[in-house]
Amino acid sequence: MAYTKAIQDGVDVLDCPVQMTKDGIPICLGSINLIQSTDIVRTGFSNLTETVPEIMQSSGIFTYNLSWSDIKSLKPVISSPQSQYKLFRNPKFQNAGKYLKLSEFLSMANTTSSLNGVLISIENAAYLAKQGFGVTDAVLKALNEAGYDKQTTQKVMIQSSSSSVLMKFKGKTNYQLVYKIDEDIGGAQSSTIDDIKRFASAVVISKDSVFPESSAFLAGATDVVSRLQAANLSVLVQTFSNEFTSQAWDFFSDATVEINSFYAGAGINGVITDFPKTSDRYRRNRCLKRGNKTPAYMSPVQPGSLLQLVTTDYLPPAEAPKPYLTESDVVEPPLPPVAKTTSIST
């Protein structure tokens, strides 16, 4: 249902975060932890809870412990990333929709002429390989079977926070490789950017890595975007949402002001958003093509200007600067071979 609505709302690229099931089927699901997107804790599978430090510090019930038929029997739970502020997304569709295999996602995208492409996100590949799941091979197979290795009408983007995953794809395909930087950063060493260029042509960073925040006020701006773009790397920023609690106060609780400040102000190449209709509406704004006649209300926000108006008694405490991205953060050993597992009848 989310994919259908996103297409109607003018999205350019649909993304599928790939997870593996117990029977080796790649599916599209926002998290490997089923607790975050299903009602599994209220089912008979709740006893499968475990803690896997390689994946996350807290406990979870992971997709690779259930078969595809098991997962299909679960009820979806709508995402509400601002729930800590008691902001919940449409309760009417709390448990609506169904899950998709990667093959079904690719088939749907391949027949949608308005799309520019698809983005396949791969995480936890090294751990999954040790458990006997070859997620990179499964993705390549699904893309080939869907004809994406031959067709050129839609681009394919492979995204991962693991350089070893992207190196696995480099040289084998013409897909665009996208490196996701998981942490907020204040800058990057030149040698680190050179390393990223070896295996990627685009980078995903957080909003805080562009405009650092302090207690929801913009504290300034970094040179991360300009430095990455100077190395011919496209910069995508995540995640843009309509809920006002997801935005710094400087943007006046207006999602369009926020997008404009990142695009016109910071010069980013694209946004990753939960609300493509808002971004598509901004893209069609006629004020963007008026040059010197652009009205003042379309001027990007000046980072740090609102914080200057806060009196000393109410200033938020100073925060430590964001860390620099170093070579050790980027360089990884190759993915381990997929472990052989013995099939056990259930």
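The values are calculated or read from the model by the stated rules, or taken from the named source; none is laboratory data. As the structure is a prediction and not an experimental result, all values here were calculated from the model. Virtual Cβ from ideal backbone geometry, glycine too; neighbours counted across all protein chains shown. Each accessible area value is taken on the protein alone, full model and side chains, heavy atoms only, with ligands, DNA and RNA left out. Shrake-Rupley method; radii C 1.70, N 1.55, O 1.52, S 1.80 Å.
Computed over the range 1-69, relative contact order equals 32 percent, with contacts defined as Cα pairs under 8 Å that lie 6+ residues apart.
Quarter the surface of the alpha carbon convex hull of the range 98-159 and you get the mean projected area, 4.7 square nanometres.
Summary value for the range 181-319: 24 percent relative contact order, contacts being C-alpha pairs under 8 angstrom separated by 6+ residues.
Normalising the average separation of contacting C-alpha pairs (under 8 angstrom, six or more residues apart) by the number of residues puts the relative contact order of the chain at 17 percent.
At the listed q of 0.08, 0.09, 0.15 Å⁻¹, the Debye profile of the chain, built from one uniform point per Cα, gives log10 I(q)/I(0) equal to -0.43, -0.54, -1.51. Full extension of the chain between Q238 and Q57 yields a length gain of 62.9 nm, computed as 0.36 nm times the residue separation minus the alpha carbon distance.
Is there a pair in K150/K340; K92/K289; K92/K180; K168/K340 whose C-alpha atoms are over 28 Å apart, and which pairs would that be? Each step should come with its number before you reach the end.
On the way: K150/K340 31 Å; K92/K289 39 Å; K92/K180 33 Å; K168/K340 19 Å.
In this structure, K150/K340; K92/K289; K92/K180 exceed 28 Å between Cα atoms.
Near G187, the amide H atoms lying under 5 Å from its own belong to L325; only residues 5 or more places off or on other chains count, and H is placed 1.01 Å from N. The calculated FRET efficiency for E50 paired with D223, based on their beta-carbon distance and R0 = 51 Å, is about 0.75. For I259, the solvent-accessible surface computed with a 1.4 Å probe is close to 10 Å², ligands and nucleic acids excluded.
In this label model, T245 and A230 are separated by 3.9 nm, measuring between points 7 Å along each Cα→Cβ vector.
Computed over protein heavy atoms with a 1.4 angstrom probe, the accessible surface ordering of V77, V204, V338, largest first, is V338, V77, V204. On the beta carbon distance between S114 and K340, with R0 = 51 Å, the FRET formula returns roughly 0.75. In the chain, helical runs assigned H by DSSP with n ≥ 4 each contribute -39500 (n - 2.57); averaged across all residues and rounded to the nearest 500, the mean residue ellipticity at 222 nm is -6000 deg cm²/dmol.
Among the DSSP beta bridges whose two residues both lie in the chain, what percent are antiparallel, rounded to the nearest 5? Kindly include the intermediate steps, with their values, before the conclusion.
Numbers: 10 of 40 bridges.
Rounded to the nearest five, the antiparallel share is 25 percent.
Accessible surface for the chain, divided over its residues, is 53 Å² per residue with a 1.4 Å probe.
Taken about its Cα centre, the chain carries a charge dipole of roughly 1260 debye when the Cβ of each Lys and Arg holds +1 and the Cβ of each Asp and Glu holds -1.
So between S79 and Q308, what do we pick up on full extension, going 0.36 nm a residue minus the alpha carbon distance? Before the final figure, lay out the partial values.
Values: separation 229, 0.36 × 229 = 82.44 nm, distance 3.53 nm.
Going from the current span to full extension adds 78.9 nm.
Could you state, as a whole-number percent, how many of the C-alpha pairs of the range 253-342 are farther apart than 23 Å?
Values: 2200 of 4005 pairs.
The calculated P(r) of the range 253-342 puts 55 percent of pairs beyond 23 Å.
Computed over the range 181-319, the convex hull of the alpha-carbon atoms projects to a mean area of 9.4 nm². Applying 0.36 nm per residue to the separation of K150 and T4 and subtracting their alpha-carbon distance, the gain on full extension is 50.1 nm.
Within the full protein context, the accessible area of F105 is estimated at about 0 Å² for a probe radius of 1.4 Å. Between the range 37-92 and the range 250-307, the C-alpha centres lie 35 angstrom from each other. Neighbours of S279, meaning other residues whose beta-carbon lies under 12 angstrom from its beta-carbon, give a summed charge of -1 when Lys and Arg score +1 and Asp and Glu score -1.
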